[in-house]
Amino acid sequence: TDTNYDYYCDRCSIPYGDNVVFISTYEDLLEILAEEIRLKTEVIGVYGPSNGQEAEKLAKEIGRTYAENGEVLIVTLVEFSTFLGEKLDGNGIGEWFYYYSQQIKEKNRLSDWVITEEKLNFLPGFRTVYDRRGLTLDDWQNFFKEGLRKSRYQTVILVFDRMPEYLELFIWCDSIYVDWGRDGYGNLRKQRFEKMASYMDIQELMKKFIEQ
């Protein structure tokens with residue numbers, strides 16, 4: 001073939017137009033061919049307004065099912081996550097946003113900040129909720145477009161324990177698993193969400209919901 005493998009640096013070169021480019025990771029290849037291939041990463045939301053830890057538990061259950069068909073990445077946006085326990089060192093999604101905004105390519109891939117456990121991949125959440133609040137809608141759009149959709153993962157699961165700052169984070173998901181809660185107030189939460197959706201004229205969002 002026209003592909004030359006460099007076994008000394010574990011990279012390969014491929015012809016691209018009038019140039020030859022070197023790739024070392026799957027993300028490199030996606031970045032080069034992004035405009036010529038259909039990106040197939042599925043982005044799923046898990047929304048648990050009654051209990052963030054239960055939402056994370058549900059995300060892991062869903063993740064194990066999807067892992068049968070390809071790599072799964074779980075991204076927690078829960079305020080006080082219980083994922084990974086003492087393995088967390090503070091680094092995670094906040095660092096991705098920083099390095100991406102600074103255009104530092106060595107650390108601007110999701111996989112640079114991922115921790116793998118029990119055959120699932122986890123991107124730890126923000127250090128504090130205030131770091132998350134400082135992001136703009138454009139920041140999040142870049143995260144979905146450049147981070148999630150161009151990632152190596154077949155499925156990405158975003159975990160929410162509350163409404164996101166921008167409703168687009170729900171809208172951009174392909175589907176959303178919802179657990180309204182089992183504390184006796186689940187139906188009330190659902191009813192109030194439906195009223196809010198009607199008031200904001202976003203009833204189409206409800207069609208994405210898969211109730212648990």
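Within the range 184-212, which residues are farther than 16 Å from Ile171 by Cα and among the polar types (S, T, N, Q)?
Residues satisfying the conditions are Asn187, Gln191, Gln212.
In the list Thr128, Thr82, Thr116, which residue meets the criterion of being in contact with a helix residue (DSSP H, G or I) (Cβ under 8 Å, 6 or more places away or on another chain), surrounded by fewer than 18 Cβ atoms within 10 Å (Cβ to Cβ), over 23 Å from Ser175 (Cα atoms) and without any contact (Cβ under 8 Å) to a residue 60 or more places away in the chain?
Result: Thr82 is the single residue among Thr128, Thr82, Thr116 that is in contact with a helix residue (DSSP H, G or I) (Cβ under 8 Å, 6 or more places away or on another chain), surrounded by fewer than 18 Cβ atoms within 10 Å (Cβ to Cβ), over 23 Å from Ser175 (Cα atoms) and without any contact (Cβ under 8 Å) to a residue 60 or more places away in the chain.
Scan the range 151-192 for residues that are assigned to a helix (DSSP H, G or I), open to solvent by 10 Å² or more (accessible area, probe 1.4 Å) and among the hydrophobic types (A, V, I, L, M, F, W, C) and jot them down.
Within the range 151-192, Ile171, Leu188 meet the criteria.
Find the residue count for the range 193-212, including only residues that are open to solvent by 20 Å² or more (accessible area, probe 1.4 Å) and part of a helix (DSSP H, G or I).
Final tally of qualifying residues: 10.
Residues in the range 19-42: is at least one in contact with a strand residue (DSSP E or B) (Cβ under 8 Å, 6 or more places away or on another chain), modelled with pLDDT of 90 or more and over 23 Å from Lys150 (Cβ atoms)?
no
May I ask you to list the residues in the range 56-73 that are assigned to a helix (DSSP H, G or I) and under 15 Å from the mean Cα position of the chain (by Cα)?
Listed by number, the residues that qualify are Glu56, Ala59, Lys60, Ile62, Gly63, Tyr66.
Could you list, in sequence order, the residues of the range 104-134 that are hydrophobic (A, V, I, L, M, F, W, C) and over 14 Å from Leu77 (Cα atoms)?
Correct list: Ile104, Leu110, Trp113, Val114, Ile115, Leu120.
Being aliphatic (A, V, I, L, M) and under 14 Å from the mean Cα position of the chain (by Cα) is the filter here; which residues of the range 134-171 pass it?
Residues satisfying the conditions are Leu148, Val156, Ile157, Leu158, Val159, Leu169, Ile171.
Taking the range 136-146, which residues are of a type outside the set (A, V, I, L, M), open to solvent by less than 60 Å² (accessible area, probe 1.4 Å) and under 27 Å from Phe193 (Cβ atoms)?
Matches in the range 136-146: Asp139, Trp140, Phe143, Phe144.
The values are calculated or read from the model by the stated rules, or taken from the named source; none is laboratory data. The structure presented is a predicted model; accordingly, all values stated were derived computationally and were not measured. When we count neighbours, we look across all protein chains shown, and the Cβ atoms used for this are built from the backbone with ideal geometry, even at glycine. Areas reflect the complete protein model, heavy atoms only, side chains present, ligands, DNA and RNA absent. Shrake-Rupley method; radii C 1.70, N 1.55, O 1.52, S 1.80 Å.
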